[in-house]
Amino acid sequence: MSVLSQPEFLPAGRAEMERLGWTGLDILLVQGDAYLDHPAQGPALLGRWLVAHGFRTGLISQPRWQNPAEARQDLTALGRPRLMAALSAGSMDSMLAHYTAFRKKRSDDALTPGGRAGARPNRATLVYSGLLRAVFPGLPILIGGLEASLRRLSHYDFWQDKLRRSFLLESKADLLVYGPGERPLLEAARRLGRGEAETALENIPGTVRPRRAPGPFPDGALELPSHEDILSRPALLMAATLAAEKLAHQGGRAAWQSSGERAVLMQPPAEPLSQAELDFLYGLPFSRRAHPAYREKIPALSLLAASLTTHRGCGGGCSFCSLALHQGRRVASRSLGSIVNEARRLGAARPLALSDVGAATANLWGARCLAGPENCRRVSCLWPGICPHLEADQRRWLAMLKELAALPGIKQVRVASGLRYDLALSDEKTLGDFLACFVGGQLKVAPEHLDPYILSLMRKPGPDLFQRFLKFFESRSGPRPYLTPYLISAFPGSDPQRMRLLAGWFQKRRWRPRQVQAFIPTPGTVATAMFFAGVDERGRPLKIARSDRERLAQHAWLRPSPPGPQAGA
């Protein structure tokens, strides 16, 4: 494979491709977001990764899906790719991008020029796959990204209130990539490039392949409850979800699930990228700008422009969170040198305030498991307490932030990513230094609730720990708490009485929480299995607020406006 130089932008039109001297593409990427050449955007990251490995890769963003002729025009702008097309619905599940927790249609989209809604379809993975199949018959079609990753098996769809099959079967794609896509996409491209037509997409870690039921399936593969069995016995969705979660963490074993005459075979997860590979990936020459074809601003870019990603994955294992299900519980971190070099490049262009240094859980940078996933039987590295095998040096994390702050051209460093306060409290001296140096007007933390029973269902630490953190924060920041606590209403197991007690805790402190999200049953999570099946992880019955009316009644307890300061105001 020839060595390719990195373009200023991945080509999005034939003229751009020809300027690079490319007569055609090897791989076409399609996405539901506008094209931001930023490492926080999956297709941009994957496109540059593939180019770096010698594959001519182009990117079509937000094809006009409403009209078949316009869709064909957009999708064929770069010609038929030689090897394959791979698609993503975007950085968010398209249904979450379109609808609120109470199924009201959103009026804006931060990842679309002008912030307008409607540039991507509902369940964009299915729509884009069908369009690509019609435009490029016979071409291998791969689906991935967050939407496909979380819908890789039979899953509950909150917006339709029904159980749906794997998106691989619904889309009629050839392969579903779950989790970070660098390794699976590169392996598929290499095999297809070698002409392995019949077996190119078989047995690739981090992928799901369609099969005929009842098999045969590999020896040792785990049989998950079938789609039909879950329909007849909803509690089996909990069994299937817990089994898939365990496989995603421990790896080493394939699993399969049947749906009528079809089935899906899920390979073990791909190995996380090594530190050297992450450093290489994030060191590629991202312009951090929107593609020049856009005439209107893309709102999300202002939030991303001065942010740095330090790691992937999260060991929290919260029952409602899709991050670990997609990125994995094993944290993969960039080196200090890689992060410093990126910050230095940004500061060299112009004096800059870094708006966020972190990831979903900022203070897990550098964390590693001393035991190894194959020996782990826990569902979380942090719940019900911090695992003794988890190494997460908070002093090293603080030293990294201080080194960034001392760089020429860096005016300020802030951490806007979420913080695990249970982990931060394990080293109070470091926590105090962090609060003094790197917290701007507010600090995001996520107690989610203060009821011990609900917190146990969430796999979150008990209320005493949050109150200890709040007391520590107040002792360093004055009497007015300037935290932004994230809370969830109407969680499975909750009822109006529990919500009233939670609201009362804040009202006593004359503190109005601003970040309150009604629980949304997103596909694939343990909490969604609770919502659908009406049982907890042990099979015990749960109270479920199913209707929007019930959910709104619980949500309303945290939305009144009592006098006093507002959390995160």
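The values are calculated or read from the model by the stated rules, or taken from the named source; none is laboratory data. Values in this document were obtained by computation on a predicted structure and should not be read as measured data. Cβ placement follows ideal geometry from the backbone for every residue including glycine, while neighbour counts extend to all protein chains displayed.
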Practice prompt. Check whether at least one residue in region 431-445 is in contact with a strand residue (DSSP E or B) (Cβ under 6 Å, 6 or more places away or on another chain), modelled with pLDDT of 95 or more and assigned by TED's automatic domain parsing to the domain that holds THR528, and report yes or no.
Written response: no
Discussion item. Let me confirm something: among LEU308, LEU278, which residue is farther than 20 Å from GLU147 by Cβ, at pLDDT 95 or above and touching a Lys or Arg at 6+ places or on another chain (Cβ under 6 Å)?
Written reply: LEU278
Item to complete: Within region 358-365, identify whether any single residue is surrounded by fewer than 22 Cβ atoms within 10 Å (Cβ to Cβ), outside any loop (DSSP other than H, G, I, E, B) and of a type in the set (Ser, Thr, Tyr), and answer yes or no.
Response: no
Worksheet, complete the sentence: If we ask which residues in region 352-368 are farther than 15 Å from TRP397 by Cβ and under 21 Å from the mean Cα position of the chain (by Cα), their number turns out to be 1
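May I ask you to list the residues in region 42-55 that are assigned to a loop (DSSP other than H, G, I, E, B) and either in contact with a helix residue (DSSP H, G or I) (Cβ under 8 Å, 6 or more places away or on another chain) or without any contact (Cβ under 8 Å) to a residue 24 or more places away in the chain (or both)?
HIS53, PHE55 - these are the residues of region 42-55 that are assigned to a loop (DSSP other than H, G, I, E, B) and either in contact with a helix residue (DSSP H, G or I) (Cβ under 8 Å, 6 or more places away or on another chain) or without any contact (Cβ under 8 Å) to a residue 24 or more places away in the chain (or both).
Quick one: would you say LEU242 is more than 30 Å from TRP49 (Cα to Cα) and part of a helix (DSSP H, G or I)?
Numbers: more than 30 Å from TRP49 (Cα to Cα): yes; part of a helix (DSSP H, G or I): yes.
Judged against the criteria, LEU242 is a match.
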Worksheet item: Going through region 163-208 one residue at a time, which ones are touching a residue at least 40 places away in the same chain (Cβ under 8 Å), farther than 11 Å from LEU142 by Cβ and polar (S, T, N, Q)?
Response: SER166, ASN203
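Quick grid of which residues meet (1) β-branched (Val, Ile, Thr); (2) more than 17 Å from the chain's Cα centre (by Cα):
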residue	(1), (2)
GLY90	no, no
TYR99	no, yes
ALA110	no, no
GLY115	no, yes
GLY118	no, yes
GLU147	no, no
GLN160	no, yes
LEU169	no, yes
VAL177	yes, no
Item to complete: Restrict the check to region 338-345 and report whether at least one residue is assigned to a helix (DSSP H, G or I), at pLDDT below 95, surrounded by fewer than 21 Cβ atoms within 10 Å (Cβ to Cβ) and among the aliphatic types (A, V, I, L, M).
Response: no
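So if I check each of ARG151, ARG120, ARG191, which one is farther than 30 Å from SER302 by Cβ and buried (at least 24 other Cβ atoms within 10 Å of the Cβ)?
Values: ARG120 fails: farther than 30 Å from SER302 by Cβ; ARG191 fails: buried (at least 24 other Cβ atoms within 10 Å of the Cβ).
Just a single option satisfies the conditions, and that option is ARG151.
Check region 93-102 and report whether any residue there is assigned to a helix (DSSP H, G or I) and closer than 28 Å to GLY54 by Cα.
Here is the first cut: in region 93-102, the residues assigned to a helix (DSSP H, G or I) are 94-98.
Of the ones still in play, those that are also closer than 28 Å to GLY54 by Cα are none.
Checked region 93-102: no residue is assigned to a helix (DSSP H, G or I) and closer than 28 Å to GLY54 by Cα.
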Item to complete: Confirm whether LEU390 is crowded, with 17+ Cβ neighbours inside 10 Å, outside the structural domain of GLY313 (by TED's automatic domain parsing) and closer than 30 Å to GLY539 by Cβ.
Response: no
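Could you list, in sequence order, the residues of region 291-332 that are among the small types (Gly, Ala, Ser) and surrounded by fewer than 22 Cβ atoms within 10 Å (Cβ to Cβ)? So that I can check it myself, show each step before the final result.
Taking region 291-332 as the starting set, the residues that turn out to be among the small types (Gly, Ala, Ser) are 293, 300, 302, 305-307, 313, 315-317, 319, 322, 324, 328, 332.
Residues satisfying the conditions are ALA293, ALA300, SER302, ALA305, ALA306, SER307, GLY317, SER322, ALA332.
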Worksheet entry | Qualifying position, being within 25 Å of ILE488 (Cα to Cα), surrounded by 16 or more Cβ atoms within 10 Å (Cβ to Cβ) and in contact (Cβ under 8 Å) with a residue 24 or more places away in the chain, among LEU455, LEU404, LEU425 | LEU425
Worksheet item: Restricting region 253-267 to residues that are in contact with a strand residue (DSSP E or B) (Cβ under 9 Å, 6 or more places away or on another chain) and surrounded by fewer than 21 Cβ atoms within 10 Å (Cβ to Cβ), which is modelled with the lowest pLDDT?
Response: ARG253
Item to complete: For region 12-19, indicate whether the set of residues that are within 27 Å of the chain's Cα centre (by Cα) and at pLDDT 95 or above is non-empty.
Response: yes
Worksheet item: Can you name the number of the only condition in (1) within 22 Å of GLU296 (Cα to Cα); (2) buried (at least 21 other Cβ atoms within 10 Å of the Cβ); (3) in contact with a Gly (Cβ under 9 Å, 6 or more places away or on another chain) that LEU29 fails?
Response: (1)
Discussion item. For region 366-379, which positions are touching an Asp or Glu at 6+ places or on another chain (Cβ under 8 Å) and either in a strand (DSSP E or B) or surrounded by fewer than 17 Cβ atoms within 10 Å (Cβ to Cβ) (or both)?
Written reply: ARG368, CYS369, LEU370
